[in-house]
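Written below as structure tokens is the structure these notes are about.
The values are calculated or read from the model by the stated rules, or taken from the named source; none is laboratory data. Predicted model only: the values in this text are computed from it and were never measured. A quick note on method: Cβ atoms are made from the backbone with ideal geometry, for glycine too, and the neighbour counts reach across all protein chains shown.
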Amino acid sequence: MIPALAVPLGRPRVMGVVNVTPDSFSDGGRYAAPAAAVEHGLALLEQGADLLDIGGESTRPGATRPLVAEELARVVPVIRELAGAGAVVSVDTMRHEVAEAALEAGAVVVNDVSGGLADPALLEVVAAAGATYVAMHWRAHSDRMREFAVYDEPGGVVAAVCRELEERVAAIRAAGVADDRIVLDPGLGFAKTPAHSWELLRDLDPLMALGHPLLVGASRKSFLGSLLADAAGPRPVGEREAAHLAVVLELARAGVWGVRVHDVRSARDALAARAAMLADETGRTDAQGGGHD
């Protein structure tokens, strides 16, 4: 892992989301134009993002995949601009062609929601570049993932996610990616019902025990909307932030390495308030988070 991502901060790292897609569930394509995406990324940096996650493929349930050329055209110019401005950049992709071009443009992290299952050649690209690699728990592409939200084996969803992530770690290592460059993500909402996502959040210890830094993305996801539903239906995407911040604070308590968020300022504000609550009279803090090197 690059030094900037390994130094303990006393809190989770805040990964700001920059979706360069016309069909994002979270912002409806608001930053689909590269110039708008760059402007948004720079704003997130000013708000306190530790790194930026640039994605050119929507992974919302039911989404169709763009062509490789489309994804490249969306993300590479944005990554080049933001990396040039000094941002620590992650590329959110499942394709080796996009990962390779993104790393050449200045990205230092590859955030692969498929954990190498969608395109095993991506692991070789990461290994050759010496990049940090985020492997998420994943079972199928967005258009089919609801069919795979079944966890009937002993231990339920937590045991299954741990076992399947361990299998991915073995494949990632075999491809040549160093242990200290692997980050894991439980994949909240991906082939998981709302109940599955809450169960994972309530029982993070087995995931932490896998021995790799943990990145968790709960921001604006449907399990929050379902929790807050009323007679009109699930809470709209833009009205879930208060519940999300409660999750962020619990993730900080658990000691996760990072949180992937859309509203960077709110996340940093909540973490700052938590640190102040835990600080002693000298100003030192016992806040947990980001403690995995």
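For (1) buried (at least 23 other Cβ atoms within 10 Å of the Cβ); (2) free of Cβ contacts under 8 Å to residues at least 12 places away in the same chain; (3) assigned to a helix (DSSP H, G or I), each residue gets a yes or a no:
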| site | (1), (2), (3) |
| --- | --- |
| Leu188 | yes, no, no |
| Lys192 | yes, no, no |
| His196 | yes, no, yes |
| Glu199 | no, no, yes |
| Pro206 | no, no, yes |
| Leu210 | no, no, no |
| Leu224 | yes, no, yes |
When region 34-63 is checked residue by residue, the ones that are out of contact with any Ser or Thr (no Cβ under 8 Å at 6 or more places or on another chain) and either crowded, with 20+ Cβ neighbours inside 10 Å or at pLDDT below 90 (or both) are Ala37, Val38, His40, Gly41, Leu44, Ala49, Asp50
Arg65 under 24 Å from Val126 (Cβ atoms) and of a type in the set (Lys, Arg): yes
Can we say Ala279 is touching a Ser or Thr at 6+ places or on another chain (Cβ under 8 Å), modelled with pLDDT under 95 and more than 28 Å from Ala140 (Cα to Cα)? yes
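Is it true that Ala160 is out of contact with any helix residue (DSSP H, G or I) (no Cβ under 7 Å at 6 or more places or on another chain), surrounded by fewer than 16 Cβ atoms within 10 Å (Cβ to Cβ) and over 23 Å from Asp92 (Cα atoms)? Give the derivation first.
Values: out of contact with any helix residue (DSSP H, G or I) (no Cβ under 7 Å at 6 or more places or on another chain): yes; surrounded by fewer than 16 Cβ atoms within 10 Å (Cβ to Cβ): no; over 23 Å from Asp92 (Cα atoms): yes.
Spelling it out, it is not the case that Ala160 is out of contact with any helix residue (DSSP H, G or I) (no Cβ under 7 Å at 6 or more places or on another chain), surrounded by fewer than 16 Cβ atoms within 10 Å (Cβ to Cβ) and over 23 Å from Asp92 (Cα atoms).
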In region 226-243, the residues that are in contact (Cβ under 8 Å) with a residue 24 or more places away in the chain and not charged (D, E, K, R): Ser226, Leu227, Val237
Please work out which residue is nearest to Pro194 (Cα to Cα), limiting yourself to region 138-155 and to residues that are buried (at least 16 other Cβ atoms within 10 Å of the Cβ), without any contact (Cβ under 8 Å) to a residue 60 or more places away in the chain and under 22 Å from the mean Cα position of the chain (by Cα). Ala149
Return the pair list, or none, for Cβ contacts closer than 7 Å from residues in region 263-281 that are closer than 22 Å to Gly217 by Cβ and free of Cβ contacts under 8 Å to residues at least 40 places away in the same chain to residues that are assigned to a helix (DSSP H, G or I) and of a type in the set (D, E, K, R), at least 6 apart or on different chains. Ser266/Glu241
Among the residues of region 101-115, is there at least one that is at positive phi and buried (at least 24 other Cβ atoms within 10 Å of the Cβ)? yes
Any chance region 13-28 includes a residue that's on the phi > 0 side of the Ramachandran plot and loosely packed, with under 15 Cβ neighbours inside 10 Å? yes
Got at least one residue in region 240-263 being modelled with pLDDT under 95, surrounded by 17 or more Cβ atoms within 10 Å (Cβ to Cβ) and not aromatic (Phe, Trp, Tyr)? no
